[in-house]
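Asker: Structure in structure tokens, see below.
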Amino acid sequence: MRILLANKFWYRRGGDCIYALNLARLLREHGHEVAEYAMSWPENLDSAWSSYFAPKIEFSGFTGKLATFSRCLGLPGEGRSFARLLDDFRPDVVHLGNIHTQLSPILAKLAHSRGIRVVWTLHDYKLLCPRYDCLRSGVTPCTDCFKGKLPVVLNKCMKNSLAASSLAYAEALRWNRRQLQSATDIFICPSRFMQEKMREGGFDSGKLVYLCNFIDASACSRKSYDIRDEYYCYVGRLSPEKGVRTLVQAASRLPYKLVVVGDGPLAGALPESPQIKYVGKKDWQEIKEIVGKARFSLIPSEWYENNPLSVLESLCLGTPVVGARIGGIPELITPENGMCFQRGSVEDLERSISEMFAREFNYEAIARSSLDAFNAERYYERLLQLYV
């Protein structure tokens, strides 16, 4: 089978990119011909198809903003390089990932117009919420735009800017539910929570398929799962919606050591504490070592996390997880591999951290069951059924 994967970036930038890269490798290992499409970007990995990639756009300056506007709305002339790739590669399936803004849903429309099957894995809520994360003022969960998109302008949801919010509104009107559904055969929802929110937003249930993401088992292999140090860890973006302020506040009140891995807008702005060690951004091998030796990892998110890769990776390394009770996080956590706490509650998080240090876990059993649950081969078999 000939499969064309599209994602706005083609390097390990975030969970959506890692998913796309792992999927490309998985499909090639099974003998499929795979082409990729992304936006040209300096950090992109080498690709035999990079000459087709969309021109780079940035959001700064008049020219950059004009290019962004054109790309977002799929104005005439946009998508020409993708159309050439479709005609030259002639895929059986186009599998979309994170494509809004830098690429745009024009990709689905172009593929559909050629009679090509279109499958779309949803990594965030952009099809429901113009600012993608269902947050009001960056902190409060909100579903006001599920039925109509005008609230994004009224609330100035994009950067508290009327201009940016109006562009997001125009993009949502251009790529409305009818347009998206007509050009897409299957929407893959990595969490049941995402699937339900898409239903709430009026999408056809017959096109919504739940399929939890998979993991690269080889990347999570460890010689021993029982060697643990006396600390817990957070790995992720340092930004308000990730709940790191709540985490740091709770951690500073407790005697346990917290290791914080990551970068973001709150880097350098979070309070210092003898119990907290900020180590900045790390590569996977360093993250693997930190998470693999932690007593547990923590995901304190305060937005509707979909199917967070950090939880899958932690569990596959045999490391239990404490997660906020929001979005798709609770679907991944059981009494055997961790616990959940009330979103945004410093007191409940303190209680959960203390309880986790008092508990005993079978780390190897967590790893084995998680590697089986998020097995790439099982994912591949189910995905192949969606491709035909």
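Asker: Taking Gly64 as the residue in question, decide whether it is at positive phi and either assigned by TED's automatic domain parsing to the domain that holds Tyr169 or small (Gly, Ala, Ser) (or both).
Answerer: no
Asker: Can you tell which of Glu36, Glu29 is without any contact (Cβ under 8 Å) to a residue 24 or more places away in the chain and in the same structural domain as Ser182 (by TED's automatic domain parsing)?
Answerer: Among Glu36, Glu29, only Glu29 is without any contact (Cβ under 8 Å) to a residue 24 or more places away in the chain and in the same structural domain as Ser182 (by TED's automatic domain parsing).
Asker: Quick one: which of Ile290, Ile215 is β-branched (Val, Ile, Thr), part of a helix (DSSP H, G or I) and surrounded by 13 or more Cβ atoms within 10 Å (Cβ to Cβ)?
Answerer: The unique qualifying residue is Ile290.
Asker: Just to verify a result, which residue in the range 228-244, among those that are part of a loop (DSSP other than H, G, I, E, B) and in contact with a Phe, Trp or Tyr (Cβ under 9 Å, 6 or more places away or on another chain), is surrounded by the fewest Cβ atoms within 10 Å (Cβ to Cβ)?
Answerer: Glu230
Asker: Taking into account only those residues within the range 1-40 that are in contact with a strand residue (DSSP E or B) (Cβ under 6 Å, 6 or more places away or on another chain) and among the charged types (D, E, K, R), which is farthest from Lys282 (Cα to Cα)?
Answerer: Among those residues, the one meeting the criterion is Arg2.
Asker: Exactly one of (1) closer than 20 Å to Tyr210 by Cβ; (2) modelled with pLDDT of 95 or more is unmet by Asn375. Its number?
Answerer: Failing condition for Asn375: (2).
Asker: List pairs: first in the range 85-96 and free of Cβ contacts under 8 Å to residues at least 12 places away in the same chain, second among the small types (Gly, Ala, Ser) and crowded, with 20+ Cβ neighbours inside 10 Å, Cβ under 6 Å, 6+ apart or cross-chain?
Answerer: none
Asker: Next question. Need the failing condition index for Asn160 against (1) part of a loop (DSSP other than H, G, I, E, B); (2) touching a Leu at 6+ places or on another chain (Cβ under 6 Å), just the number.
Answerer: Condition not satisfied by Asn160: (2).
Asker: Tell me, yes or no, whether the range 298-312 has at least one residue that is touching a His at 6+ places or on another chain (Cβ under 9 Å), in a loop (DSSP other than H, G, I, E, B) and over 15 Å from Ile366 (Cβ atoms).
Answerer: Within the range 298-312, one or more residues are touching a His at 6+ places or on another chain (Cβ under 9 Å), in a loop (DSSP other than H, G, I, E, B) and over 15 Å from Ile366 (Cβ atoms).
Asker: Also: Which one of Lys126, Lys149, Lys223 is touching a His at 6+ places or on another chain (Cβ under 7 Å) and either surrounded by fewer than 17 Cβ atoms within 10 Å (Cβ to Cβ) or in contact (Cβ under 8 Å) with a residue 12 or more places away in the chain (or both)?
Answerer: Selected residue: Lys126, the only one of Lys126, Lys149, Lys223 that is touching a His at 6+ places or on another chain (Cβ under 7 Å) and either surrounded by fewer than 17 Cβ atoms within 10 Å (Cβ to Cβ) or in contact (Cβ under 8 Å) with a residue 12 or more places away in the chain (or both).
The values are calculated or read from the model by the stated rules, or taken from the named source; none is laboratory data. It should be emphasised that the depicted structure is a prediction, and the values quoted were computed from it without experimental measurement. All Cβ positions, even for glycine, are placed from backbone atoms using ideal geometry, and neighbour counts span all protein chains on display.
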